[in-house]
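The values are calculated or read from the model by the stated rules, or taken from the named source; none is laboratory data. If you're wondering where the values come from, they're calculated on a predicted model, not measured in any experiment. Here the Cβ positions follow ideal geometry from the backbone for every residue, glycine too, while neighbour counts run over all protein chains shown.
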Amino acid sequence: MKLNRLHVILLLLVACSRLCAAPHFDPVAENLFPPELIMKHAEAISLTDEQKEQLQSEMHKAQERFAEMHSKLKKQLEATDALLKKERVDESAALAQFEKVLDQERELRRTQLALVLALKNKLTPEQQTKLQEFKKKAAREDARPTKAPPASLQEKMKALKAGVKKLEDEGGDATAVGELMQDFKPLMDKQKFKDAEELIDQALKLLREYKR
C-alpha cells in the first residue's frame, strides 16, 4: 500500500490516543480468538475436519467483504488526502470527509468482530479453554524483558531518518522507502535485530540511489 502524508497523520493520531489513554480492559481481545490463533493450534485443540471447513468458509466470506471494504476505505482516504493537500483547507468539507473515513473504518471493524464471533461459536468449551491458555502463554512471553537493539542498528536508523527528511525537504518522494520499512516494526517486535538492520541497509541504499 502506498504511504502518504495522510496515512502518517492517521498513524500518529492512533499512536497518540493509545499513549494518552489510561489502561483499559479489552473484552474483545480477552474473550475472542483471532483466526490465525485458532489455525495455528488446530491440532493441539483437536479441531475436527468439519470445524476446519466451517471456519475456512467463514474466513473466505469475510475475506471477500474485507477486500471490498478496503477498496472503499482507500477511496475515502484518497478523497481526504486531496482535500488536505489544498493550500487553504475547507474545514467543513474536510471534517465531513473524515467522518466518511471513520464510518468506513467502523464498518470494517464491525465485520472483523462478526468474523471472530462466528469463529468462537464453532468451537467447543474445551477448545476455547485451551486457546485461552495459549493466549496467556503468549502474553507471558511478550512480557519478558526485551533486549536493547545493537548500537549499529540505532545509528543506521538515525541516518535513515535524517536522509528521508533531507530528501523530502528537497522535494523528493520517500514513498518507496516507507513501503520497504513497513516490515521494520514486526522485526523489531520479534527482536530480529539482524534482519531489521539488513532492512535498514536496503532503505539506505535506496536513498543513495535517489541522489544519483
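The helices (runs of 4 or more DSSP H) located wholly in the range 22-120 that include 3 or more residues which are surrounded by 15 or more Cβ atoms within 10 Å (Cβ to Cβ) occupy 35-40, 49-84, 91-120. Among the residues of the range 160-190, how many are polar (S, T, N, Q) and either more than 30 Å from A138 (Cβ to Cβ) or surrounded by 14 or more Cβ atoms within 10 Å (Cβ to Cβ) (or both)? The total comes to 1. Close contacts from the range 197-208, counting a first residue that is closer than 11 Å to K161 by Cβ and a second that is among the β-branched types (V, I, T), with Cβ to Cβ under 8 Å and a gap of 6+ residues or different chains, come to A203/V177; L207/V164; L207/V177. Of all residues in the range 59-81, exactly one satisfies the criterion of being modelled with pLDDT of 90 or more and either over 30 Å from F98 (Cβ atoms) or β-branched (V, I, T) (or both), namely T80.
Screening K190, K122, K161 for residues that are more than 30 Å from L37 (Cα to Cα) and either free of Cβ contacts under 8 Å to residues at least 40 places away in the same chain or not aliphatic (A, V, I, L, M) (or both) leaves exactly one candidate, K161.
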